[in-house]
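Enquirer: Right, I'll just put the structure down here and ask away after.
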Amino acid sequence: EEDHRGSADEAPDEDQSCGLNCFLSTVLAAYICTRKCNVSRVTAEFAFFPPSPSTYALHRSEEGSGEVALMTLNFPDSPPGVIKLKDIGISCFFARTASRASIPIFFYPSLRSSATAVDKHDWSNEWLIIFAHGNATDCGVMMPYFQEMVRELKVSVMGVEYVGYGEATGGRPSATGAKQSMLAAYEEALRLGFLPSHIVLCGQSIGSGAVCYLASQRKVAGVVLISPIASGLSTISPGGLCSPACVFSCFEPFDNEARVRQIQQPIFIIHGTRDEEVPCTHGQRLHDKAASPYPPFWVEGAGHSDVIETNPREYYRLLRTFLASLHATREPQSLQVVVSGTPASQVRTWT
């Protein structure tokens, strides 16, 4: 009898979940109709919330120039006044996406190469992290974190602004705009001289969608996903019959679960166990379905946006270990190129 009662108790929960899914799918269908079935517009309204106003302003070197010389910041505890980017070792330039939008790209060179002009330095032996930030932020407020990554990991970092964020042009934010922004940044990295085998993609929250897309389309060394989404629609409600993720799967803007199966490079997933915005189950699903999963880091007690602050020492230690593993899996001749004159047997340690 006890078993029978237990099953009966569970039935209402299943019915309630199914009913909620049907309700959400119906509401979403009606909303899409009010937007003239423009799915990308609906995606932009639900998925992207750029800071308003932007947390930074850029001042180009001269009229029509693609290079930026000065910057002002506008977020709590930001440095006051105008900042000369050259004085703090940062380069900023504009790139064009496939749809001709103009996006700012922020380049933070590794400490050992920061004294050399960006366009004159040989980057072929250097490692680069191309970073896709989260939803309600932009490259201005991410500046301290990018600088910290350079110091802690001894690599160069490229911060990418999405179409519709910060000082990027191209209209409202969209999944297509974010993907095109990452593709443009990747092409800029190659133009500077970085090798695909030395490029690591890192995506936070919704940035994981653009990163998974890029990694499935271009050659890279590895992928890091921080508080990632399993898919865009699965953040609205749990999966299951009649859920938005099931009913509107053909409209899915970021199907990361499908993408991670296509990515052959190692995927390192970092997720907080108390994430209430994008539950840790999203990261677990991606890890379980990845073609080349790397041991994940489930940050005990961390939420959606504080995985670094919760345990910074372990966070950076494990990132260094991941980067070291990318060195270790390269061909012997490539390992000797990483640090000129160093035997391959000694190139395993990333410091």
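Enquirer: Under a 1.4 Å probe, what is the accessible area of the stretch 145-185 per residue, stated in Å²?
Expert: Value for the stretch 145-185: 28 Å² per residue.
Enquirer: Under the rule of at least 5 residues apart or a separate chain, name every residue whose amide H is placed under 5 Å from the amide H of Ile129.
Expert: Distant-sequence amide H within range of Ile129: Ser156, Val157, Met158, Val200.
Enquirer: While we're looking at this one, here's another question. Can you send over the solvent-accessible area of Arg96, 1.4 Å probe, protein chains only, in Å² to the nearest 10?
Expert: For Arg96, solvent-accessible area is about 130 Å².
Enquirer: FRET efficiency for Glu276 and Ser52, Cβ-Cβ distance as r, R0 = 25 Å, nearest 0.05?
Expert: Details: r = 24 Å, r/R0 = 0.95.
FRET efficiency, Glu276 to Ser52: 0.55.
Enquirer: Using the Karplus curve 6.51 cos²θ - 1.76 cosθ + 1.60 with θ = phi - 60°, work out ³J(HN,Hα) for each residue of the stretch 89-102 in order, rounded to whole Hz, and write x for Gly and Pro.
Expert: 3J(HN,Hα) across the stretch 89-102, in whole Hz: x, 10, 10, 9, 9, 9, 10, 9, 8, 4, 9, 6, 6, 9.
Enquirer: Sorted by mean Cβ packing within 10 Å, highest first, what order do the peptides 289-295, 84-90 take?
Expert: Working: 289-295: 16.4, 84-90: 14.1.
Ranking the peptides 289-295, 84-90 by packing returns 289-295, 84-90.
Enquirer: Between Thr329 and Cys22, take the C-beta separation as r, use R0 = 35 Å, and let me know the FRET efficiency to the nearest 0.05. It would help to have the intermediate numbers written out before the result.
Expert: Numbers: r = 47 Å, r/R0 = 1.34.
After rounding, the FRET efficiency stands at 0.15.
Enquirer: I've got another one for you. If you take the beta carbon distance between Glu309 and Arg261 as r and set R0 to 41 Å, what does 1/(1 + (r/R0)^6) give as a FRET efficiency, to the nearest 0.05? Each step should come with its number before you reach the end.
Expert: Working: r = 32 Å, r/R0 = 0.78.
That pair, Glu309 with Arg261, gives E of 0.80.
Enquirer: A further question on this structure: Where Lys and Arg each count +1 and Asp and Glu each count -1, what net charge lies around Leu190 among other residues with Cβ under 15 Å from its Cβ? Kindly include the intermediate steps, with their values, before the conclusion.
Expert: Numbers: positive: Arg96, Arg191, Arg218, Lys219; negative: Asp119, Asp122, Glu126, Glu187, Glu188.
Net charge in that neighbourhood comes out at -1.
Enquirer: Take Arg100 and Lys86, extend 7 Å from each Cα along the Cα→Cβ direction, and tell me the distance between the two endpoints in nm.
Expert: Computed distance between label sites Arg100 and Lys86 equals 3.3 nm.
Enquirer: Could you rank Ser52, Ser197, Ser181 by how accessible they are, 1.4 Å probe, largest area first?
Expert: Ser52, Ser197, Ser181
Enquirer: What are the ³J(HN,Hα) values, in whole Hz, obtained from phi via the Karplus relation 6.51 cos²θ - 1.76 cosθ + 1.60 with θ = phi - 60°, for each residue of the stretch 188-204 in sequence order, with x given for Gly and Pro?
Expert: 5, 4, 5, 4, 5, x, 5, 8, x, 6, 10, 9, 10, 9, 10, x, 10
The values are calculated or read from the model by the stated rules, or taken from the named source; none is laboratory data. On a predicted model such as this, the values are computed, not experimentally measured, just so you know. Cβ coordinates were reconstructed from backbone atoms using ideal geometry, including for glycine residues, and neighbour counts include every protein chain displayed. Surface accessibility is based on the protein's heavy atoms, side chains included, excluding ligands, DNA and RNA. Shrake-Rupley method; radii C 1.70, N 1.55, O 1.52, S 1.80 Å.
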